[in-house]
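Undergrad: So that we are looking at the same thing, I have put the structure below in structure tokens.
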Ligand SMILES: [Mn+2]
């Protein structure tokens, strides 16, 4: 009988029925060492992580939520859900991070997430005002630990959620001032500002908030299918315009703006003219494909950091192929695969950042929270990257002109 696994007559064994057959051999890779796989190394790295913050959180949960029922074997379970567990319960903040009601306390944290619920700059599908809620909700399914990175955000950094900026729904300019004020407050405190949009019009006031706290030069890496750099759209500073106004700021030069993923049939010619005039840097999806992710990131970093002191990341979720992100304002086929986008944003973040915004998630158009889920991943992957590369807090040295925003009087 013909046996495809036969390795010759010397290796045979008796199998039922008295028929002698060659023993199957699958040792095609005799030198393979499973301990050398990234998978195993990541498992080993976990053993090096501390767990003190997790232990403290469990103690805190019992203090805040009362000890649990006598029948429970796990004595760390409280009566009222507090902290991370269970993932489906609780009042959601981003990643179940502490909610900082008193924003004057934000400086005690390494990074602060803020929602910017504003879609007044939208020119097609609205709904991004619900973006912050959607990201917070779906972020509840994540743990603070990432297997492959070997990081545990709870143990290795402090994160808080400062809630949302008070936006003015029918007024772009008033909203911009509110956003800039909020971002400048967080940046001045030393906490890393992480903004959840909102439509892309918020890019300008977010960058302005950081830029006004520093005399240093800021570069921007902008992930998008759209060029977003015309002066006005529909007679206003809509979500097609943030980089025109941001690169008008004295310390945010257009030559340090790197626009990655641009292309398709939704790029207004006014924006293209402006990008050319201002000499920005533009990589299409085909450029990315031809260079590969590592080379793309290396060149983006080189351009964004050239004579600059810090880099800001603006991530438009529509830079990802619309098949993965239905819940967005201007979906466009042909963008990044999710895995590519996550890899690229991490490669860019590893040199450190002075701020991150993730924009254009429109929950009313989303399916099964998948758009919000990917947007959440962008944020946690950037945080994990900053931690694993020792860059958390590295932006603080550029804040040499901190602003001071008065609080209201004490309530008596
Ligand atoms: Mn876009």
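Each value in this text was obtained by applying a stated rule to the coordinates, not by laboratory testing. Since the structure is predicted, the reported quantities are computational estimates derived from the model, not experimental observations. Here Cβ is always computed from backbone atoms with ideal geometry, including for glycine, and neighbour counts include all displayed protein chains.
Undergrad: Quick one: count up the residues across region 139-165 that are at positive phi and either surrounded by 22 or more Cβ atoms within 10 Å (Cβ to Cβ) or in contact with a strand residue (DSSP E or B) (Cβ under 9 Å, 6 or more places away or on another chain) (or both).
TA: 1
Okay, residues lined up against (1) within 16 Å of the ligand (Cβ to nearest atom); (2) buried (at least 17 other Cβ atoms within 10 Å of the Cβ); (3) over 24 Å from residue 246 (Cβ atoms):
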{"position": "342", "(1), (2), (3)": "no, yes, yes"}
{"position": "355", "(1), (2), (3)": "no, yes, no"}
{"position": "367", "(1), (2), (3)": "no, no, yes"}
{"position": "370", "(1), (2), (3)": "no, no, yes"}
{"position": "375", "(1), (2), (3)": "yes, yes, no"}
{"position": "384", "(1), (2), (3)": "no, yes, yes"}
{"position": "395", "(1), (2), (3)": "no, yes, no"}
{"position": "398", "(1), (2), (3)": "no, yes, no"}
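Undergrad: For region 90-109, give me the residue count where each residue is out of contact with any helix residue (DSSP H, G or I) (no Cβ under 8 Å at 6 or more places or on another chain) and either within 8 Å of residue 160 (Cα to Cα) or exposed (fewer than 13 other Cβ atoms within 10 Å of the Cβ) (or both).
TA: The total comes to 8.
Undergrad: Check whether at least one residue in region 318-333 is within 20 Å of the chain's Cα centre (by Cα) and away from the ligand (no atom under 16 Å from the Cβ), and report yes or no.
TA: no
Undergrad: For the structure I just gave you, tell me whether residue 292 is surrounded by fewer than 17 Cβ atoms within 10 Å (Cβ to Cβ) and within 16 Å of the ligand (Cβ to nearest atom).
TA: no
Undergrad: Looking only at region 166-193, which residues are surrounded by 24 or more Cβ atoms within 10 Å (Cβ to Cβ) and touching a strand residue (DSSP E or B) at 6+ places or on another chain (Cβ under 8 Å)?
TA: The answer is 179, 182, 183, 186, 187, 191, 192, 193.
Undergrad: Any idea which of (1) more than 16 Å from the ligand (Cβ to nearest atom); (2) surrounded by 15 or more Cβ atoms within 10 Å (Cβ to Cβ); (3) under 23 Å from residue 353 (Cα atoms) is the one residue 279 doesn't satisfy?
TA: For residue 279, the exception is condition (2).
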